[in-house]
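A.B. asks: One structure follows; several queries about it will come next.
The values are calculated or read from the model by the stated rules, or taken from the named source; none is laboratory data. Here the structure is a predicted model, which is why all the values come from computation and not from measurement. Using ideal geometry, Cβ is built from the backbone for each residue, glycine included, and neighbour counts are taken over all protein chains shown.
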Amino acid sequence: MTIRTDILTWSKGDLLETFWKAFFWRQQAKSQIQKDVLTIYLNRSANKHGGYIGKDTWFESRPRLPHGLHGIFISRYARIGKECWIYQNVTIGEVHGKAPTIGDHCLIGAGAILVGSITIGSHVKIGAGAVVRQNIPDGATVLPGSCQIVLHEAQSGV
């Protein structure tokens, strides 16, 4: 194996699969001892993968991380819906203990920053490098720069 192959295996392979199994076990654990042991494992594993996911972060389903956990920071107060795609170096941060709630089927581009008590609707696309500090409605696209929001009208049956 080459070094590149080793890195790809480490970041996307079986160890990341084990990470997510442990993450959802912790999310469903009843006893505090189980939660504490799994938290220690998850923190060490996330550090090895170069990311951070807070212990109280809630995922409706396993997110899609095409580049693994590399550079991803997700606040412990964040709530993330089903089937979300999160690319590398994304920050989902908190302000005064309040973090974003993200709807289902969203795409968050590389280097995007979402902070504060905001709600991101379902089927939203956030462009690479965008900084989002306001609520985003369902189906919108957020462009980087001045946080320009493009609303998409529902397509009529043709």
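A.B. asks: Take segment 25-49 and flag every residue that is assigned to a helix (DSSP H, G or I) and touching a Lys or Arg at 6+ places or on another chain (Cβ under 6 Å).
C.D. replies: ARG26, LYS35, LEU38, THR39
A.B. asks: Can you pull out the strands (runs of 3 or more DSSP E) entirely within segment 50-158 that have at least 2 residues that are loosely packed, with under 15 Cβ neighbours inside 10 Å and modelled with pLDDT under 90?
C.D. replies: Hits in segment 50-158: 148-150.
A.B. asks: All but one of (1) in contact with a Ser or Thr (Cβ under 9 Å, 6 or more places away or on another chain); (2) hydrophobic (A, V, I, L, M, F, W, C); (3) in contact (Cβ under 8 Å) with a residue 24 or more places away in the chain; (4) within 23 Å of LYS21 (Cα to Cα) hold for ALA46, so report the exception by its number.
C.D. replies: Among (1) in contact with a Ser or Thr (Cβ under 9 Å, 6 or more places away or on another chain); (2) hydrophobic (A, V, I, L, M, F, W, C); (3) in contact (Cβ under 8 Å) with a residue 24 or more places away in the chain; (4) within 23 Å of LYS21 (Cα to Cα), the lone unmet condition for ALA46 is (1).
A.B. asks: Taking VAL142 as the residue in question, decide whether it is of a type in the set (A, V, I, L, M), touching a strand residue (DSSP E or B) at 6+ places or on another chain (Cβ under 7 Å) and farther than 19 Å from LEU16 by Cα.
C.D. replies: yes
A.B. asks: Considering each of GLY81, GLY121, GLY109 in turn, give the residue that is in contact with a strand residue (DSSP E or B) (Cβ under 8 Å, 6 or more places away or on another chain) and in contact (Cβ under 8 Å) with a residue 40 or more places away in the chain.
C.D. replies: Answer to the check: GLY81.
A.B. asks: Run GLN34 past the list (1) over 12 Å from the mean Cα position of the chain (by Cα); (2) touching a residue at least 12 places away in the same chain (Cβ under 8 Å) and report the number of the one that doesn't hold.
C.D. replies: Result: GLN34 fails condition (2) only.
A.B. asks: State all residues of segment 86-143 that are hydrophobic (A, V, I, L, M, F, W, C) and more than 21 Å from PRO66 (Cα to Cα); if no residue qualifies, say none.
C.D. replies: VAL95, ALA99, VAL115, ILE118, VAL132, ILE136, ALA140
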